[in-house]
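Down below is the structure, laid out as structure tokens.
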Amino acid sequence: MFAQKSLSYGFAELEPHIDELTMVTHYTKHHAAYTNNLNAAIEKDASLQGKSIEDVLGNLDAIADEQVRTAVRNNGGGYYNHNLYFSHLAPNGAHAPSGNLEKQILKDFGSFEALKDALSKAASTRFGSGWAFLSVKKDGSLSVSSTPNQDNPLMDKNGLVPILGLDVWEHAYYLRYKNVRADYIAAFFKVVDWDAVTALYDQVTA
Ligand code: MN3
């Protein structure tokens, strides 16, 4: 059974950048539904039981039944992506990366601002619902990409591991920002906890 990662902050604590009603709805309705639907899909295929979510998402083509495969792709992706999203937000998180992640950002993007610009562009140009990700390649270098729906870089089987996910589904921002996705993207960067992202980078590259 997969369970939502619990939050280290209250639903209202990301105000005014991300509003309480959006947080409550996003975490207790959307994220909960992906988690429940993933667990229901896993129950239908004994070969998936006991596997890590990374293992499941990296081997979707091994799922024989097409309906189960689609359910796991959509809801397993949703489960994983939202755990990543919510666990790297914080009301008083570090405003910039440090250590090896900072060094790698300077190497690959030239500056932290340039990285944020690349992520913002990936997020703002994603047509319809989807995500922007910062991922680590096998050699430790960084990559910015975007995916439709609940897909993520693990599904591409090219060794990319996401370390930051930016949800640009309308449910992530519409209550406060309406159609202005760019304002939500700017607000997201006010509440990213870069210490958490840095720690995950260190864990993935260790
Ligand atoms: Mn979402």
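The values are calculated or read from the model by the stated rules, or taken from the named source; none is laboratory data. This structure is a prediction, so every number in the text was calculated from the model and none was measured. Quick reminder, even Gly has a Cβ in these numbers, built from the backbone with ideal geometry, and neighbours come from all protein chains shown.
The condition of being assigned to a helix (DSSP H, G or I), surrounded by 13 or more Cβ atoms within 10 Å (Cβ to Cβ), of a type in the set (Gly, Ala, Ser) and within 16 Å of the ligand (Cβ to nearest atom) holds for only one of ALA32, ALA41, that being ALA32.
Is one or more of the residues making up segment 80-90 more than 14 Å from the ligand (Cβ to nearest atom) and over 24 Å from THR22 (Cα atoms)? Within segment 80-90, not a single residue is more than 14 Å from the ligand (Cβ to nearest atom) and over 24 Å from THR22 (Cα atoms). Looking at TYR27, TYR9, just one residue is farther than 24 Å from VAL144 by Cβ and not in a helix (DSSP H, G or I), and that residue is TYR9. Here ASP193 passes the criteria (1) acidic (Asp, Glu); (2) in contact (Cβ under 8 Å) with a residue 60 or more places away in the chain; (3) closer than 30 Å to ILE63 by Cβ except the one numbered (3).
Identify all residues within segment 116-133 that are among the aliphatic types (A, V, I, L, M) and in contact with a Phe, Trp or Tyr (Cβ under 9 Å, 6 or more places away or on another chain); write none if there are none. ALA118, LEU119, ALA122, ALA123 - these are the residues of segment 116-133 that are among the aliphatic types (A, V, I, L, M) and in contact with a Phe, Trp or Tyr (Cβ under 9 Å, 6 or more places away or on another chain). In this structure, ASN149 does not qualify as assigned by TED's automatic domain parsing to the domain that holds LYS44, surrounded by fewer than 21 Cβ atoms within 10 Å (Cβ to Cβ) and in contact (Cβ under 8 Å) with a residue 24 or more places away in the chain. Taken over segment 157-173, the criterion of being more than 11 Å from the ligand (Cβ to nearest atom) and at pLDDT 95 or above is satisfied by LEU160, VAL161, PRO162, ILE163, LEU164.
When the criteria are applied in full, LYS190 fails the requirement of being part of a helix (DSSP H, G or I) and over 18 Å from SER87 (Cα atoms). Of the candidates LYS178, LYS121, the single residue that is at positive phi and modelled with pLDDT of 95 or more is LYS178.
Among the residues making up segment 55-67, those that are acidic (Asp, Glu) and exposed (fewer than 12 other Cβ atoms within 10 Å of the Cβ) are ASP61, GLU66.
Of all positions in segment 98-107, at least one carries a residue that is more than 16 Å from the ligand (Cβ to nearest atom), closer than 29 Å to LEU7 by Cβ and outside any helix (DSSP H, G or I).
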